[in-house]
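One structure is given here, and the rest of the page talks about it.
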Amino acid sequence: MSKPLKQIHLAAHFPGANNTTVWSDPAAGSHIEFSSFAHFARTAERAKFDFLFLAEGLRLREQGGRIYDLDVVGRPDTFTVLAALAAVTERLGLTGTINSTFNEPYEVARQFASLDHLSGGRSAWNVVTSWDAFTGENFRRGGFLPQEHRYSRAKEFLATVHELVDSWHGDEILADPDTGAFLRDAKAGSFVHTGQHFDIHGQFNVPRSPQGRPVIFQAGDSDEGREFAAAGADAIFSRYATLDAGQAFYTDVKNRLAKYGRRKDQLLILPAASFVLADTDAEAEDLAKQVRRQQVSGATALKHLEFVWNRDLSGYDPDGPLPDIDPDLGESHIARGRAQVRMYRDPLATAREWRELAAARGWSIRDLVIETGNRQNFVGSPRTVARTINEYVQADASDGFILVPHITPTGLDAFADTVVPLLQEQGVFRADYEGTTLRDHLGLAHPDTVPADRAAAS
Amino acid sequence: MSPTPSSPAASSTAATPLHLAVALDGTGWHPASWREPVARPRDLFTAGYWADLVAEAERGLLDFVTIEDGLGLQSSRYGEPDGRTDQVRGRLDAVLIASRVAPLTRHIGLVPTVVTTHTEPFHLSKAIATLDYVSTGRAGLRAQITARPFEADHFGRRVIPPFEDHGSPAVTALLEEAADWIEVVRRLWDSWEDDAEIRDVATGRFVDRAKLHYIDFEGAHFSVKGPSITPRPPQGQPLVTALAHQSAPYRLVGRQADVGYVTPHDTGQARASVAEIRAEQERAGRADQPLHVFGDLTVFLDDDAAAAEDRRGRLDALAGEPYTGDARVFTGTATQLADLLQEFAETGLSGFRLRPAVAGHDLPAVTRALVPELQRRGVFRTAYRADTLRGNLGLDRPANRYAAV
């Protein structure tokens, strides 16, 4: 082997408010109570994971004009949960998805800087963008953002947050009771930002935090999103967890780094990945089939078909054939608050393709939704799953994975107990934490902004 | 004008148990407090500092702590930065401090300050609901407006005129907006009925959407659709509190609060404040709902009065000026403070929020000297009686405004 083995990065995605999460299983617990989050975080830390990840949803989804009631619904506030988790963990990174559209830089900067202080340097921000007026109805600002501005606002928002946290250098607080000087300089935290989206100035009020800046994640997949990540993110939360698609994405994004003067190890690619474990591969395959049927009930199958058909299909039998009517191509969409409906750019073609597929395989509506929507990435015995994950990472399909269990809150336990020890045995995953901050775990440099002359003077 | 018998303040007498909270702000309320040997100013931005303070307050069986906050650097002048370097500057987000200490405590209420002027009620509603989950029923908020133009400049979305005084029309408008803000937060807490989550495997439904409610708030300043993304918190309605010095904020307390803080300097002022808040409460049509009025006092507490005076004098000398604030400053012993609190309690105040002049000194003096003194007099609990903050304050878990009766 000419190439040294890459070290795998692993993270834990708290089961989300979507149909990957199986709530009907007797083992499924609360997705709101703090005890669930504490169990999940402690499992991830016991397994020496890099971080825990929380997704975002700022409005309950609707379909057909009514609140969507078939998936797990509801979630707690991201910052508040992460701050509490800092009390029950010591090393685990704490990553929150926070929208740049329905927030203001000063507030978000102080929340991440506060979280970083309160966790001893473990905060990370998955920057997401939004423009939909549907979500905007929950905010005093409303759905004010034209779609074409969402990345320009996101970019400027992120740059502004960096300016705010960088306005403190780390050497301002003297707190010298003898001289009576608390601050070195009355201008600590001064900033001026003038731009298209934000025109703000004053003084930031949170001193420099242990990591300096939160670790930045980006999740967008468009060309614009990839450029945004290449320009300044520390990691990408991607959706390409298969070997081929993962390698293509990995190569594409890593090759964009050079033009920003960045090295390939300065941006980690971490796809979301689900898994199903059992003692043997065959048992895992059987279990995976059961899980898929739990994830897609007959009612869920009809609702998912509506994403493409964009019309009420409640009269159809989920165990029967696909509708022979065509999708409604109207402007307004039956499902609101979902990103995935945009995946079907040509609903007529998708409908035709699915009808042919279902006819050829003898699939019902439910079978089709189960098979085409299958997001199970790693299915097998612990040995198989550990080997596959390692192969993918060594083959540059990713730098690791953000694992998405389907049971709250115990869905990570088996992975921690059976797969992680095998990766540790192979020397591709840490046996213990070496540093204390999330930057340490991810191998990222500290964004030290103390200019040389200031550093020399202090 | 007079409160109904169900109001906790109604039967306040010397024999009625008092409620006690402490207000945490940096190293304490005296601007030179950070220079005291017990102050730990270099730990201010660590979790351990706050965990220790709140643990001390819980050791004293206090009802709750409040945590100060603001969307700008502290200043000794209300309307503008003061350019000073000799006082504590910088702070962490109070909601996150409260959440960080919640899993480390079991009984004490956690009441961070939240600013209503520049923030989204949707975000703060779910944040406080989540604090209530994290603390299993011990969350509250202290709603605060900001009329500081330099804080508005941190957001760049509105211009706030130069600050005149707390009674100016601009401030009154911000208080009106705060009332709307609290209304939205409260409606969002009720936007899920308690039994909305059904997990009905037979029908495949996780929630009963008939029990999720749009709040459809439309106000002069903003509109919010709802429902919340966070289910109704353990207390149903976490505690809403506000500090009030004069008529317009008394109205806010009367309309929207569970606990109002007032700053009387004598019993006459205390009576007047309580009367005005009760009148506002009645005007708002909620005379039958419990509403605590707490007196705020800044305290220098020592074993003998001379020591307290000396300490205050020493700190004033370091600060270069005598400390005065909105609240009365008490200097003396635990016995003297207990006497004063009981005297004030006869005016209709049902509790007190004490502001330790030096957190590292006066907080332990409250928990280890004042509390035992009040316990000896039979006016303070000897153990926590309830599992929730509302419970310890004698407040019921409210019915949901959207639930069909």
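Counting partner chain Cβ atoms within 10 Å of every residue's Cβ in B:220-232, what's the average?
Mean shielding count: 5.
Count, for each residue of A:103-116, the Cβ atoms from other chains sitting within 10 Å of its Cβ, then give me the mean as a whole number.
Shielding by partners across A:103-116 averages 5.
Kindly provide the trypsin sites (Lys or Arg not before Pro) of the range A:322-403 that DSSP labels as loop, not H, G, I, E or B, and whose Cβ sees at most 10 other Cβ atoms within 10 Å.
A:Arg345
Go ahead and estimate [θ] at 222 nm for chain A from helices alone: -39,500 (n - 2.57) per DSSP H run with n ≥ 4, summed, over the residue count, rounded to 500.
-10500 deg cm²/dmol
Need the C-alpha centroid separation for the range B:128-183 versus the range A:162-222, integer Å.
If we compute the Cα centre of each part, the gap is 23 Å.
Please list, in chain and number order, the residues 5+ apart from A:Asn18 or on another chain whose amide H is under 5 Å from its amide H, with Hs placed from the backbone.
A:Val72
Taking each pair of distinct Cα atoms in the range B:247-306 once, what is the resulting Kirkwood hydrodynamic radius in Å?
Answer for the range B:247-306: a Kirkwood hydrodynamic radius of 12.4 Å.
Would you mind ranking B:Ser273, A:Ser123, B:Ser168 so that the residue whose beta carbon has the fewest other beta carbons within 10 Å leads the list?
B:Ser168, B:Ser273, A:Ser123
Quick one: Karplus J couplings for the range B:353-359, per residue in order, coefficients 6.51, -1.76, 1.60, θ = phi - 60°, nearest Hz, x for Gly and Pro?
Each residue's phi maps through the Karplus curve to give 10, 8, 9, x, 4, 10, 4 Hz.
Nearest 500 deg cm²/dmol is fine: what mean residue ellipticity at 222 nm does chain B get from its DSSP H runs of n ≥ 4 alone, each adding -39,500 (n - 2.57), divided by its residue count?
So the helix-based figure for chain B works out to -10000 deg cm²/dmol.
Between the helical axis of B:121-134 and the dominant principal axis of chain B, each derived from Cα atoms, what acute angle in degrees is found, rounded to the nearest 10?
80 degrees
When B:His107, B:His30 are ordered from fewest to most other Cβ atoms inside 10 Å of their Cβ, what list results?
Listing B:His107, B:His30 from fewest to most nearby Cβ atoms yields B:His107, B:His30.
Which one of B:Thr324, B:Gly313, B:Leu363 is farthest out on the positive end of the charge dipole of the range B:307-370, using unit charges on Cβ (Lys, Arg +1; Asp, Glu -1) and the Cα centre as origin?
Selected residue: B:Leu363.
How big is the antiparallel share of DSSP beta bridges in chain B, given as a percent to the nearest 5?
10 percent
Let me know the charge dipole size of the range B:249-405 about its Cα centre in debye, to the nearest 20, where only the beta-carbon of Lys, Arg (+1) and Asp, Glu (-1) is charged.
Its charge dipole is roughly 740 debye.
For the modelled label position 7 Å from the Cα of B:Ala403 along Cα-to-Cβ, which residues of the range B:172-203 have backbone nitrogen atoms closer than 16 Å?
Those under the cut-off are B:187-198.
From the square roots a ≥ b ≥ c of the eigenvalues of the alpha-carbon gyration tensor of the range B:137-295, which class results: rounded (a/c under 1.5), prolate (a/b over b/c), or oblate?
Judged from the Cα gyration tensor, the range B:137-295 comes out oblate (a/c at least 1.5, b/c at or above a/b).
Tally Lys and Arg at +1 and Asp and Glu at -1 over the other residues with C-beta under 10 Å from the C-beta of B:Thr347: what net charge comes out?
Charge balance in the 10 Å sphere: -2.
What list of ³J(HN,Hα) couplings, whole Hz, do you get for the range B:265-276 from phi and the Karplus terms 6.51, -1.76, 1.60, once you set θ to phi - 60° and write x for glycine and proline?
Computed from phi, the couplings for the range B:265-276 are 9, 8, 5, x, 4, 4, 4, 5, 5, 4, 4, 5 Hz.
Where both residues lie in the range A:19-166, what percent of DSSP beta bridges are antiparallel, nearest 5?
15 percent
Rounded if a/c is under 1.5, else prolate if a/b is larger than b/c, else oblate: which is the protein assembly as shown, with a ≥ b ≥ c the root eigenvalues of its Cα gyration tensor?
Here the protein assembly as shown falls in the prolate category.
Take every DSSP beta bridge whose two residues both sit in the range A:84-219, then give the antiparallel share in percent to the nearest 5.
Approximately 40 percent, going by the DSSP bridge assignments.
Please work out the C-alpha center-to-center distance from the range A:284-298 to the range B:254-327 and express it in whole Å.
Their Cα centres are 62 Å away from one another.
For every other residue with a beta carbon closer than 15 angstrom to the beta carbon of B:Phe380, add +1 if it is Lys or Arg and -1 if Asp or Glu, then tell me the sum.
Net local charge, B:Phe380 excluded: +3.
Distance between the C-alpha centers of the range A:377-429 and the range A:85-117? Whole Å please.
Centre-to-centre distance over Cα atoms comes out at 27 Å.
In sequence order, what are the phi-derived ³J(HN,Hα) couplings for the range B:69-76 according to the Karplus relation 6.51 cos²θ - 1.76 cosθ + 1.60 with θ = phi - 60°, rounded to whole Hz, with x for glycine and proline?
Rounded to whole hertz, the list is 7, x, 9, x, 5, 4, 8, 7.
Please work out whether chain A counts as rounded, prolate or oblate from its C-alpha gyration tensor, where a ≥ b ≥ c are the square roots of the eigenvalues and a/c under 1.5 means rounded, while otherwise a/b larger than b/c means prolate and anything else oblate?
The shape class here is prolate.
What's the magnitude of the charge dipole for the protein assembly as shown around its Cα centre, counting Lys and Arg as +1 and Asp and Glu as -1 at the beta-carbon? Answer in Debye, nearest 20.
The dipole magnitude comes to about 540 debye.
Once you average over the residues of A:25-35, how many Cβ atoms of partner chains fall within 10 Å of each Cβ?
That works out to 3 on average.
With Cβ to Cβ distances under 12 Å as the rule, what net charge do the other residues near B:His213 carry (K, R +1; D, E -1)?
With Lys, Arg at +1 and Asp, Glu at -1, the net is +2.
Among A:Ala11, B:Pro290, A:Ala181, which residue has its Cα positioned farthest towards the positive end of the charge dipole of the protein assembly as shown, with +1 placed on the Cβ of Lys and Arg, -1 on the Cβ of Asp and Glu, and the dipole taken about the Cα centre?
With unit charges placed on the Cβ atoms, the residue in question is A:Ala11.
All of the numbers you see were taken from the coordinates with simple rules; none came from a lab. Note that the structure is a prediction, hence the values are computed from the model and not measured. When we count neighbours, we look across all protein chains shown, and the Cβ atoms used for this are built from the backbone with ideal geometry, even at glycine.
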